[in-house]
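Notes follow the structure.
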Amino acid sequence: MLLNALVAAALSASLSPALRPLAADPSCETPPGLGSGSRLDACAPDDLRALDDLRRVAAEVQGDLELLRERSFDEPVKVEFADREWLDQAVRERWDQQRPAERVAFEEISAKMLGMLPVGASLREEELRLLEQSGSFFDSQADQLYVLEPVGDVSPLVVAAGLSEALNDQHFEQEWGPIDDEISDRRWVREAVRSGSNIALLLLWAFDNLEHAAVQEISRIQRSGSHSSLSDSPPYVWKPMLGLSMRAESFLRRSTRTNWISPPRISDLDQVAQQRPLSTEQILHPDKYWTGRRRDDPTPMQFNTCDLPVGWTLDYQDTLGEMILSVLTEPFGARRGVDPSLFGRSPLELSSSPAAGWAGDRMALLQGDEGSIVHLVTAWDSPEDGAEFSTAVHAQCGDILGNLDEMARPDQARGVRVAAGETGQVTVTAWMGPDEQLVDFVLAAVRVDA
């Protein structure tokens, strides 16, 4: 949602005369409540006419998108205005439905114990900070698109951004199935391809309706500072939520470079839906997917914890993938937010050399009366790749221990270590509460099944 809003703002530089902006009266108030996004009842006659025009243009855009995407909307999408407060509330309610609170809590503590998320950060609020930047919201259950009411004019391009999302979303769930909550790496691939497909369709529409392709002027939208929250967003959050979506649009063109003048082929969009990529590694390195039989799929890994000591439980396990592991290898002082003025001009740095040889991983959060243990097992393409990752994480251990110092009680033991595992694996373990002897005792009961 955020990414489509950014792209739409960048493309708004030049509309054809046939798609002139539609005026709307910002004094009309949106009725309260998540189920009532329409402003019709509160609007003056002039604004009612503007909404009628908006719906007319939306109907035309829906027809254009169906021709471009070579598929139809399951149901016509209704379009209404909504205010900022309503959109943000809708985003929050959807987020709470899709991101169970217990899982988010486990993910947050694991990320903080490995030093990938600042101790003072709330994972929920950091993710919502990005999502709440959106200029539209599509309710797939009601086939209803809500567009942010404008301060001045509303552009049909904003409607096209929302409708491209709506068309893809109507088919996406059927093609991709439910989200796999135990493989974040695959979940981020899923959402990135969804967003990349939305961008691709929006660009196809824009090239047919803009007077000239001013698509590389995305930095214009940053001069107002409307997306300043990106500048201090943790890499653990913005890389999968925003950066990977940007890279997915390039991936769909079988490239690593941003080029918004050459959208992907429809046949490639269909192939990705039928033969899904399985890792962020494949999005970051398209040659590891588009090579057919030689595609580089990840090594599946799963923890077997049937023999855990009494009082200890496996509360959470996940696969992080190359992109998130690159955060683990990055020096704390070098971690930055994202500068949106670079969108469309230079590739975002989403990985690192120490993470580039990734072949698979599995992370476990083990908890007992004595405290918590996070245990990460990683597999690599070669011993040299594993050694490079190990060296990079070793260099961050002091700062990771600093995170643990902030999180643990004064009387709790804490520690972090990096070690060579079996068959070229590298393990990273962080703990707070148990002493190292108890950590070893607990981990002795943990097996990794590949």
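No lab work stands behind these numbers, since they all come straight from the coordinates. Keep in mind the model is a prediction, meaning the values are calculated, not measured. Glycine also receives a Cβ, built like all others from the backbone with ideal geometry; neighbour counts cover every protein chain displayed.
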Problem set entry | Rough spin-label spacing in nm, given labels placed 7 Å along Cα→Cβ, for residue 67 and residue 369 | 7.2
Exercise. Mind ordering 191-200, 294-303 by average Cβ neighbours within 10 Å, highest first?
Worked result: 191-200, 294-303
Exercise. How far apart, in nm, are two points set 7 Å out from the Cα along the Cα-to-Cβ line at residue 382 and at residue 348?
Worked result: 3.0
Problem set entry | Sequence ranges 351-357, 285-291, 407-413, ranked by mean other-Cβ count within 10 angstrom, highest first | 351-357, 285-291, 407-413
For this session: Can you bin region 231-324 into rounded, prolate or oblate? Criterion: square roots of the alpha carbon gyration tensor eigenvalues sorted a ≥ b ≥ c, rounded for a/c under 1.5, prolate for a/b above b/c, oblate for the rest.
Result: oblate
Exercise. Which whole-number percent gives the relative contact order of region 54-159, counting Cα pairs below 8 Å spaced six or more residues apart?
Worked result: 39
For this session: Quickly rank 327-338, 365-376, 123-134 as a protection proxy: mean count of other C-beta atoms within 10 Å, highest first.
Result: 365-376, 123-134, 327-338
Exercise. Setting aside same-chain residues fewer than 8 positions from residue 112, which lysines have a Cα under 24 Å from its Cα?
Worked result: 239
Seminar exercise, completed: Toy charge model, Lys and Arg Cβ at +1, Asp and Glu Cβ at -1: region 270-321 dipole around Cα centroid in debye, rounded to 20, equals 300
Problem set entry | Cα-based shape type of region 356-436, given that a ≥ b ≥ c are square roots of the gyration tensor eigenvalues and the cut on a/c is 1.5 | prolate
For this session: Return the sequence-ordered ³J(HN,Hα) values of region 305-317 in whole Hz as given by the Karplus equation 6.51 cos²θ - 1.76 cosθ + 1.60 applied to θ = phi - 60°, using x for Gly and Pro.
Result: 10, 4, 9, 4, x, 4, x, 10, 9, 8, 8, 6, 9
Seminar exercise, completed: Gyration tensor on Cα atoms of region 390-441, a ≥ b ≥ c root eigenvalues, a/c under 1.5 rounded, else prolate if a/b beats b/c, else oblate, says oblate
